[in-house]
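Report on the following structure.
Just so it is clear, none of the values below were taken in a lab; they were calculated from the coordinates. As the structure is a computational prediction, the values presented were derived from the model and not from experiment. For neighbour counting, all protein chains shown are included, and Cβ atoms are generated from backbone atoms with ideal geometry for every residue, glycine included.
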Amino acid sequence: MLLYILRRILYAVPIGIGVTFIVFSLVHIAPGDPISALLPNEATQEMVEAARKEFGLDRPFLVQYAIWLGNAAMGNLGTSIGSGRPVATEVASAVGNTFILAVSAGLVACVLGFLLGIVAGLWRDRPVDHVVNLITIAGVSVPHYWLAILLVIVFAVDLNWLPPLGMGPDRSGGWQFDWAHISHLILPTIATAAIPMAVIARTLRASVVDVLDQDFVTTLRAKGLPRQRLLWHVIRNALPTALAVMGLQLGNMLGGSVLVETVFAWPGTGFLLASAIFQRDLPLLQGTMLVLAMFFVFLNLVVDLVQSATDPRIRRA
Amino acid sequence: MKLGIGLKLMAGLVAAALAAGPALAEGTLRVAMTLADIPLTDGAPDQGTEGVRFAGYTLYDPLISYDLSRSDKSADLRPALATEWHTVEGDKTKWVFKLRQGVKFHDGSDFNADSVIFNLDRAFNKEFPAYDPSFERQLKIYLPSLKSWRKIDDYTVELTTKAPDSLFPYQMPRLLIASPAQYEKLGKNWDAFRSQPSGTGPWKIGELVPRQRLELLPNKDYWDKDRVPKLDRLVLLPIPEVSARTAALLSGRVDWAESPSPDTVEKLTSAGMVISTNAIPHVWPYTLSELPGSPFADIRVRKAINLAIDREGLVKVLNGLAVPAAGNVSKQSAWFGKPTFEVKYDPEEAKKLLKEAGYGPDNPLKIKAAISTSGSGQMYPLLMNEFIQENLRDVGVELELEVFEWEALRGRRRVGAQAPENEGIVILNNSYSTNDPYVAVLRYLTPEEIAPKGSNWGSIRDEEIERLAKELRNEFDAKKQDEIIARIHQRFVDRADFVWVVHDVGSRALSPKVKGHVHAQSWFVDFSPISIAP
């Protein structure tokens with residue numbers, strides 16, 4: 001087990017370095033000039049060139065990458081070109097806000113997805129399975145951007161039950177667990193949870209169906225094992241796949257959704273990325289992407305390790 | 001984007017919606033900005049005119065500002081922290097500014113000549129301890145003529161220009177005066193200053209939450225007693241997504257939403273919201289390449305395209321959120337002049353001119369335009385360009401649209417039509433502010449402005465305009481200045497150097513509770529007279 005963990009951690013290193021390179025290159029490949037975005041609309045090409053020099057963007061690409069990587073390794077992600085605030089501070093605050101939304105949506109998606117998947121798998125081809133199927137197909141097919149706008153129109157504008165945007169009431173000093181704040185969380189949670197919920201439910205249904213067809217289940221049934229205890233065996237065997245999917249979906253959510261967060265003006269990483277893209281704020285864009293990508297690498301590692309704990313076969317492989 | 005479902009019920013529901021909204025202190029105005037982040041609050045706001053609108057003229061004053069108190073005439077210059085200014089007898093490069101006495105910064109320190117010198121050093125003196133590159137970046141383009149500055153006495157400063165420049169006062173409104181004392185107090189740190197800014201403006205900082213909220217409080221000791229804010233609080237929220245701004249206004253979360261999209265106008269008005277517009281100094285044109293080999297080197301082609309566009313039809317498509325343009329400035333402007341070429345919709349005349357220029361069904365004119373998907377002042381570029389594409393097809397012109405992301409388009413603009421990457425592109429669709437004589441006419445037309453040095457994208461050259469531009473720089477009488485600008489503009493239109501399409505109207509949607517709003521003919525707003533009905 002220890003060897004497996006070590007090996008997995010070692011694998012993560014080249015992946016991490018590859019990720020930094022891709023993150024750094026991507027923003028350089030994108031059309032448009034980060035310096036141009038920084039200057040007033042009227043600025044001339046000459047002024048752009050001068051500012052490019054000031055920010056060291058006239059240096060060779062690999063030199064820029066090396067400097068950036070060196071700083072990033074020391075935890076210095078630079079300062080935002082636009083606001084002058086440290087990127088690390090900006091990303092930290094956004095990650096916190098996305099975390100709230102991701103945990104809430106993750107809970108909803110996992111619990112609902114889990115229940116729906118099990119129910120549909122156990123009662124395969126019965127009416128309840130068809131209903132779940134309908135829900136999950138809708139869940140994976142509906143663009144969450146559209147769903148978010150629809151939720152706002154119905155619940156915020158028409159019915160005025162819930163606030164349309166933001167993450168707290170006017171003058172809120174930060175997140176709190178009271179109704180005024182939680183009410184802001186409901187619509188974004190639904191919009192964010194729809195897809196992962198459906199994905200989890202569909203995956204779990206498939207694994208449950210798969211497990212139910214296996215010989216050991218027939219054996220257990222023949223032994224006359226009570227239904228509840230049989231269910232436990234089925235779930236335990238279907239769990240590794242479900243966990244992997246849940247982990248990745250949770251990772252997705254923690255990455256923040258650019259679209260959902262923009263519609264709800266939720267100040268998380270998605271909102272931050274969108275604003276960094278529009279302002280061509282290079283350090284901010286690279287810093288945010290780097291943190292998110294590294295988080296994914298880490299999350300994959302954790303999922304692998306948890307999976308191997310629940311399924312001994314993986315360790316041996 | 002359609003906000004269709006259930007909105008027919010809106011009229012009835014809005015009253016309930018407003019009543020059910022969270023309880024607020026009276027006199028709080030909540031504004032949904034189109035920006036994705038709070039503009040810089042240190043006296044050098046970024047993010048264009050919207051940044052200046054919300055974080056510039058609220059917290060700070062310039063030496064010379066705009067008169068935003070009228071909606072029925074253009075917003076002219078007026079004294080702010082300077083009470084008067086004039087050139088020195090015998091040396092037209094030296095400008096003396098008399099400063100207003102008895103003005104205090106929000107931190108309590110006095111405004112005087114040292115404050116002005118401090119801010120100029122902050123911007124342009126790299127040796128100065130408080131030099132601030134961010135300030136220079138935002139300011140430099142607006143103060144191109146400035147050479148040097150010095151204090152004469154506590155309430156007089158002298159600014160010197162590189163050459164005689166009668167238009168120098170027009171460059172002053174962007175120079176906002178920040179408090180040197182506050183900078184000292186915060187450990188000489190401009191980053192710290194941004195969270196605790198101090199200016200002389202009608203609004204003081206309340207709270208700043210990056211990317212979420214900027215709260216301003218009235219400066220009850222404001223030096224201009226007529227402009228002491230009536231509101232208790234002004235809250236500015238960055239909401240870049242247009243449907244989110246609309247929803248925020250309809251649900252009572254904000255009282256004011258910038259730039260509603262044309263397809264939401266009907267819903268908003270039926271819900272009782274007020275769509276406020278006015279002619280603002282802005283133009284949405286096609287900038288043309290007049291380089292050899294471009295079809296627009298021929299004035300007949302330039303005129304033909306101008307005559308082929310149905311501007312009234314376009315305005316209708318935009319639900320009234322634009323006005324037809326007949327030149328770079330509006331017809332009501334003192335700078336419009338009396339051009340003989342009338343920019344209007346006349347497809348028959350357009351066809352005739354194209355035929356004269358050698359184009360017809362057998363040899364159709366094919367042109368390519370660089371356009372953007374969105375961007376500051378670009379309005380609704382895809383919709384508008386496709387409309388124009390149809391118009392041009394009607395007169396036998398094939399317009400190809402090459403779509404760029406906004407920053408990419410700006411890059412194409414700055415390098416000029418002659419740059420290799422712009423090969424084949426003869427039209428650039430970039431909108432412009434026409435706030436002052438320089439940005440209204442001069443910067444597009446003179447040889448020293450040819451890109452990449454300046455904003456003359458298509459290498460326009462005209463001896464008559466060059467002569468008039470020189471004359472203008474040396475004319476110090478305001479009335480005569482206006483006459484010369486009008487003659488330049490007249491020549492500009494007669495030469496059809498641009499294809500003029502529309503002017504923006506600075507649209508904003510307001511809750512009926514917002515009182516006292518004056519929609520000036522300007523990019524800027526005076527929030528002082530505004531109040532909010534309970």
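Annotations for the structure displayed:
- Once backbone amide H atoms are built at 1.01 Å from N, B:Phe128 has no partners under 5 Å, excluding neighbours fewer than 5 places away on the same chain.
- Normalised by 2.2 N^0.38 Å, with N the number of residues, the alpha-carbon radius of gyration of region B:66-181 equals 1.08.
- Structure-based [θ]222 nm, chain A - -39500 (n - 2.57) summed over DSSP H runs of at least 4, per residue, nearest 500: -25000 deg cm²/dmol
- Cα gyration tensor, region A:19-73 - rounded (a/c under 1.5), prolate or oblate: prolate
- The share of C-alpha pairs in chain B whose separation exceeds 35 Å stands at 39 percent.
- Antiparallel DSSP beta bridges within chain B, percent to nearest 5: 70 percent
- Antiparallel DSSP beta bridges within the protein assembly as shown, percent to nearest 5: 70 percent
- Solvent-free Debye calculation, one equal scatterer per alpha-carbon of region B:198-318: log10 I(q)/I(0) at 0.11, 0.14, 0.19 Å⁻¹ equals -0.68, -0.86, -1.12.
- A:Thr79 long-range amide H proximity, modeled H, under 5 Å: A:Val87
- Just checking the listed ones, A:Gln176, A:Gln45, A:Gln286: in the Gaussian network model of chain A with Cα springs under 10 Å, the one fluctuating most is A:Gln45.
- Set of aspartates and glutamates near B:Lys344 by C-alpha distance (under 14 Å), chain-local residues within fewer than 8 positions excluded: B:Asp310, B:Glu312, B:Asp494
- Vicinal HN-Hα couplings computed from phi for region B:106-112 (Karplus, 6.51 cos²θ - 1.76 cosθ + 1.60; Hz; Gly/Pro x): 4, 7, x, 6, 7, 8, 7
- Full extension of the chain between A:Ile17 and A:Phe298 gives 99.9 nm of extra length, using 0.36 nm per residue less the Cα-Cα distance.
- For region A:91-316, taking the reciprocal of the average inverse distance between every pair of different Cα atoms yields a Kirkwood hydrodynamic radius of 19.2 Å.
- Along its three principal directions, the equivalent ellipsoid of the protein assembly as shown from the Cα gyration tensor extends over semi-axes of 52, 32, 28 Å, largest first.
- Over 26 Å apart at the Cα level, from the set B:Lys98/B:Lys480; B:Lys147/B:Lys185; B:Lys98/B:Lys188; B:Lys73/B:Lys225; B:Lys267/B:Lys513; B:Lys331/B:Lys366, are B:Lys147/B:Lys185; B:Lys98/B:Lys188; B:Lys331/B:Lys366.
- Listing B:Lys147, B:Lys479 from fewest to most neighbouring C-beta atoms within 10 Å gives B:Lys479, B:Lys147.
- Modelled this way, with points 7 Å down the Cα-to-C-beta line, the labels at B:Arg78 and A:Arg8 are 7.0 nm from one another.
- For region A:54-161, convex hull volume per residue from C-alpha positions, Å³: 220 Å³
- Karplus-derived 3J(HN,Hα), 6.51/-1.76/1.60, for each residue of region A:127-141, Hz, glycine and proline x: x, 4, 5, 5, 5, 4, 4, 4, 4, 6, 5, 4, x, 7, 8
- Distant-in-sequence amide contacts of A:Ala265, defined by a placed amide H-H separation under 5 Å and a gap of 5 or more residues or a different chain, comprise A:Gly166.
- Spin-label model distance (nm) - B:Val88 vs A:Ile186, 7 Å beyond Cα toward Cβ: 7.0 nm
- For B:Lys368 and B:Lys316, the FRET efficiency from 1/(1 + (r/R0)^6), where r spans their Cβ atoms and R0 equals 35 Å, is about 0.80.
- Local net charge near B:Gln521, Cβ-Cβ under 12 Å (Lys/Arg +1, Asp/Glu -1): -2
- Computed from point charges on the beta carbon alone (+1 for Lys and Arg, -1 for Asp and Glu), the dipole magnitude for the protein assembly as shown about its Cα centre is near 2280 Debye.
- Modelled FRET efficiency - R0 30 Å, A:Arg126 with A:Phe216, Cβ distances, 0.05 increments: 0.80
- FRET efficiency estimate (nearest 0.05) - Cβ-Cβ, B:Lys513 to A:Trp146, R0 25 angstrom: 0.20
- Where only C-alpha atoms are counted, convex hull volume of region B:282-503 per residue in Å³: 112 Å³
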